[in-house]
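Each remark here refers to the structure printed beneath this line.
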Amino acid sequence: MIGRAWLRAVTADLIRHWRHFAAASVGIILGVAALTFFLALGLEVRSLLLVQVFPADHLEVAPRSADIDLFALRIDLGRDALDAGILADLASIEGVDAVYPKMRLTVPALASGGESIFGSGLQTEIVADGIDPELVADDVGSTFREVDSDRNSTPCSRDEQCGDDSYCDGSLSFSGGTCRPFIPVLVSPYVVELYNGAFRRSYGLPKINPDSLMGLAFEMDFGASTFRPSARPPIRERMRLAGVSDKAIPLGVTLPLGEVRRLNIALDAPAAGERYHSAVIEVQSKRSAPGVVDAIEEMGLEVRDRGARRAAFATAVIMVVLALVGGVLIAVAAAHIMHVFYLVVMVRRREIGLLRAVGARRGDIRVLLVAESAVVGLVAGLVGLVVAIAAAAAANAFAASRVPDFPFKPESFFAFPPWLLASVLALAVVACVIGALPPALRAASGDPSEALAGR
Amino acid sequence: MIRLQGVRKRYPGADIDVLCGVDLTIGDYDFVSIVGRSGSGKTTLLNLIGGLDSAYDGAIEVDGEELRSFADIELSELRNRKFGHVFQAYHLLDHLTCRENVSVAALFARGEMRRDASWVRQRAEEVLETVGLDGAGRRRPSTLSGGERQRVALARALFHQPAVLLCDEPTGNLDVETGREIVGLLSDLHRNGDMTIVAATHDEMISAAGARVLRLHDGRFVDPEGETE
């Protein structure tokens with residue numbers, strides 16, 4: 001076959017039947033325009049929410065839960081921890097700067113102390129987790145850091161002998177004590193708010209200034225619980241509050257990751273020191289956050305970023321619903337294309353018979369008609385894209401002049417990434433080809449003599 | 001060589017056979033005229049011989065090979081290379097120029113028959129010249145007279161130098177004078193070229209041009225041998 005001659009033949013046919021094809025293209029143009037318009041709107045709004053309204057340069061990633069309620073129990077069938085392999089996969093995602101794993105304390109713990117603030121000592125069950133101090137270095141500085149694993153074993157009889165970061169452990173014992181470092185802890189601002197709100201009122205306690213809490217020392221008995229006796233002897237450590245950070249566990253205390261790992265191994269099992277319940281992902285830029293979120297979800301994990309995720313999900317739902325309208329329009333248009341091509345095939349029946357008589361194979365006829373439909377789809381798709389971009393420009397102009405300013409109001413409410421334009425264009429072509437396929441198959445069937453006779 | 005043995009054909013929904021067990025042998029370079037009234041089965045016979053119709057009983061052999069055994073690809077190639085068809089209704093494509101009409105078979109040529117655009121253009125001009133239409137390559141069929149259109153249709157059939165030219169009522173829509181010119185062309189082609197010509201007609205001029213005449217009546221040859229000469 002001669003390529004240029006084929007192209008001329010296809011073009012000539014399209015020009016000859018342009019009225020039919022123009023009528024058939026209207027649906028495709030509207031569908032493509034609607035689909036592109038709504039997808040572009042959704043993409044930009046989603047990006048706006050994730051990047052500006054809910055800054056998402058840090059994302060907390062956790063295994064996706066799959067809970068099933070069975071009577072009083074809720075059974076989790078999902079993965080319950082992240083391992084080193086998953087952390088490595090997360091680190092390899094494009095746009096990820098760093099991955100900070102978080103490890104939950106897998107044994108119970110009791111916290112006691114607070115005489116200097118509350119007047120009398122308090123004791124409470126408490127949960128704890130561990131994070132990499134690097135993650136909160138900007139929030140709380142170097143006071144929250146890993147404790148020297150060698151431990152200060154200098155003999156002592158008083159705390160003052162051990163310096164600022166340590167205390168004298170066992171100073172009252174007969175043989176004297178040894179210096180041990182305080183374990184720095186962080187609390188969430190939410191804990192302080194909760195205390196100053198409902199908790200202190202219920203117990204008649206004073207309201208506290210968060211800044212005054214810095215340096216507060218208290219004791220924790222790891223492995224101890226008021227609910228049930230521990231299998232192994234508890235480990236008592238003295239803690240010191242090193243700061244308040246929104247990256248700390250909302251209800252509980254946050255320790256350096258190495259401390260939690262050490263305690264889990266000592267009191268639970270060696271494997272508990274290698275399992276992370278979540279990880280905080282630092283993205284290179286806020287712009288890259290949506291792409292990182294998509295990649296994380298493709299790995300079967302979920303992002304625990306409340307506001308941004310909820311808003312992005314709501315946007316995605318609205319976007320899908322609106323895009324569905326465009327999709328339905330394209331599907332209807334494909335059906336219209338099919339009818340038009342049936343008509344065109346009927347009109348060209350003798351011509352198709354002649355082509356078969358001079359040597360066209362059935363496949364040639366199919367290719368000819370499908371190529372024509374693809375060109376119709378391409379042209380209609382391009383026109384649809386132009387309509388969508390023009391409509392978006394009009395909407396932006398309207399928003400700029402008539403809609404009052406509001407926080408995070410963007411210059412454009414629409415994003416037209418090349419992949420979106422290419423995908424929608426491809427969809428238009430595919431819809432037309434699918435629509436034209438049944439008529440093309442019918443046109444290619446039967447003997448040439450039937451077609452020449454107009455049967 | 002083309003050989004038909006006991007060929008029967010009945011159209012779907014019809015009560016009677018259009019062809020009732022036709023036996024026929026056409027040798028290489030024969031000039032055969034199949035004569036008969038309308039509805040006698042002439043067009044059907046040409047369609048069967050030329051591979052335009054594959055629904056029949058009996059056997060049709062072309063160069064010793066049964067047509068029914070050909071797949072669509074082989075049959076299409078046969079129509080492209082070996083047969084040239086001239087139709088009573090011309091079947092020209094009005095949106096194409098005469099040159100493009102003549103060379104339309106080149107679109108579907110494969111293998112060594114596939115040529116570049118300049119060869120195709122030159123060959124189209126050549127065959128147009130052969131049928132006396134030199135210089136008409138750029139014209140549209142709608143601007144031509146009936147005789148000229150039939151010449152374009154003939155040129156189209158000759159484009160690939162077919163071994164067999166099948167003409168269905170080539171003078172049917174023409175006045176006597178123009179019909180005589182077309183018959184003259186066919187006669188010249190037979191005399192000058194290595195070509196078998198089978199023409200279905202009720203025009204006695206063709207028999208006068210030296211063709212072997214076969215008379216078809218109600219789907220049967222009147223002379224069992226098919227010989228009337």
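The values are calculated or read from the model by the stated rules, or taken from the named source; none is laboratory data. On a predicted model such as this, the values are computed, not experimentally measured, just so you know. Don't worry about glycine lacking a Cβ; one is built from the backbone with ideal geometry, like all the others, and counts go over all protein chains shown. Calculation scope for accessible area: heavy atoms of the full protein, side chains included, ligands and nucleic acids excluded. Shrake-Rupley method; radii C 1.70, N 1.55, O 1.52, S 1.80 Å.
Residue-wise HN-Hα couplings along region B:52-65, as the Karplus relation 6.51 cos²θ - 1.76 cosθ + 1.60 with θ = phi - 60° gives them from phi, are 8, 9, 10, 9, 7, 9, x, 9, 10, 10, 10, 6, x, 10 Hz; Gly and Pro carry x.
In this structure the protein assembly as shown gives 48 Å² per residue of accessible area when probed at 1.4 Å with all protein chains present. Other residues within the sphere of radius under 14 Å centred on the Cβ of B:Gly13, judged by their own Cβ, net out at 0 (K and R +1, D and E -1).
Sequence neighbours fewer than 8 away in the same chain don't count; with that in mind, list the lysines whose C-alpha is under 22 Å from A:Lys207. Excluding near neighbours in sequence, the set is empty. By definition, a body whose alpha carbon gyration tensor gives a ≥ b ≥ c is oblate when a/c is 1.5 or more and a/b is not larger than b/c, and region B:25-103 fits this oblate description. The solvent-accessible area of A:Leu251, taken with every protein chain present and a 1.4 Å probe, is close to 100 Å².
Can you tell me the convex hull volume per residue for the protein assembly as shown, based on C-alpha atoms, in Å³ to the nearest whole number?
260 Å³
Spacing of the modelled spin labels on A:Ser230 and A:Leu441, each 7 Å from Cα toward Cβ, amounts to 7.1 nm.
With a ≥ b ≥ c the root eigenvalues of the C-alpha gyration tensor of region B:15-61, is it rounded (a/c under 1.5), prolate (a/b larger than b/c) or oblate? Oblate.
With Cα atoms as the point set, the radius of gyration and Dmax of region B:1-132 evaluate to 16.9, 51 Å.
In this rough spin-label picture, where each label sits 7 Å from Cα along the Cβ direction, the B:Asn173-B:Arg37 distance is 2.5 nm. Cysteines in chain A lacking any other cysteine Cβ under 4.7 Å from their own Cβ: A:Cys432. Can you tell me what share of the DSSP beta bridges in chain A is antiparallel? A percent to the nearest 5 is fine. Taking every DSSP beta bridge within chain A, about 85 percent pair in antiparallel fashion. When A:Leu14, A:Leu343, B:Leu24 are compared by accessible area of protein heavy atoms, the largest-first order is A:Leu343, A:Leu14, B:Leu24, using a 1.4 Å probe. Database remark: amide H of B:Asp30 closer than 5 angstrom to the amide H of B:Ile197 (H placed geometrically; neighbours at sequence offset of 5 or more, or on other chains; Pro and chain starts carry no H). One quarter of the surface of the convex hull around the alpha-carbon atoms of region A:409-455 equals 5.3 nm², the direction-averaged projected area.
Other residues with beta-carbon under 13 Å from the beta-carbon of A:Arg200 carry, at +1 per Lys or Arg and -1 per Asp or Glu, a net charge of +1.
Take the Cβ atoms of B:Asp23 and B:Ala71, set R0 to 41 Å, and the FRET efficiency comes out at 0.95.
FRET efficiency for B:Ser118 and A:Thr11, Cβ-Cβ distance as r, R0 = 35 Å, nearest 0.05?
The formula returns an efficiency of 0.95 here.
In the complete set of protein chains, residue-level accessible area for A:Thr154 is approximately 70 Å², probe 1.4 angstrom. Compared with the alpha-carbon gap, the fully stretched path from A:Met346 to A:Leu122 is longer by 71.6 nm at 0.36 nm per residue. Under a cut-off of 30 Å between alpha-carbon atoms, report the lysines in cross-link reach of B:Lys42, not counting same-chain residues fewer than 8 places apart. Within the straight-line cut-off, B:Lys42 pairs with B:Lys9, B:Lys82. Placing a pseudo-label 7 Å from each Cα along the Cα-to-Cβ vector at B:Glu129 and A:Arg287 gives an inter-label distance of 6.6 nm. Between A:Phe313 and A:Asp83, the contour length at 0.36 nm per residue exceeds the alpha carbon distance by 80.1 nm.
Using just its DSSP H runs of length 4 or more, each adding -39500 (n - 2.57), chain A gives a mean residue ellipticity at 222 nm of -15500 deg cm²/dmol after division by all residues. Ranked from largest to smallest solvent-accessible area, with a 1.4 Å probe on the protein heavy atoms, B:His95, A:His58 come out as A:His58, B:His95.
If you take all other residues with their beta carbon under 12 Å from the beta carbon of A:Phe21, and give Lys and Arg +1 and Asp and Glu -1, the sum is 0.
Overall, the anisotropy analysis places region A:141-272 in the prolate class: the square-rooted eigenvalues a ≥ b ≥ c of its C-alpha gyration tensor yield a/c not less than 1.5, with a/b exceeding b/c. Solvent-accessible surface (1.4 Å probe) assigned to A:Phe37 amounts to roughly 40 Å².
May I ask you to rank A:His20, B:His202 by accessible area, largest first, using a 1.4 Å probe over the protein chains only?
B:His202, A:His20
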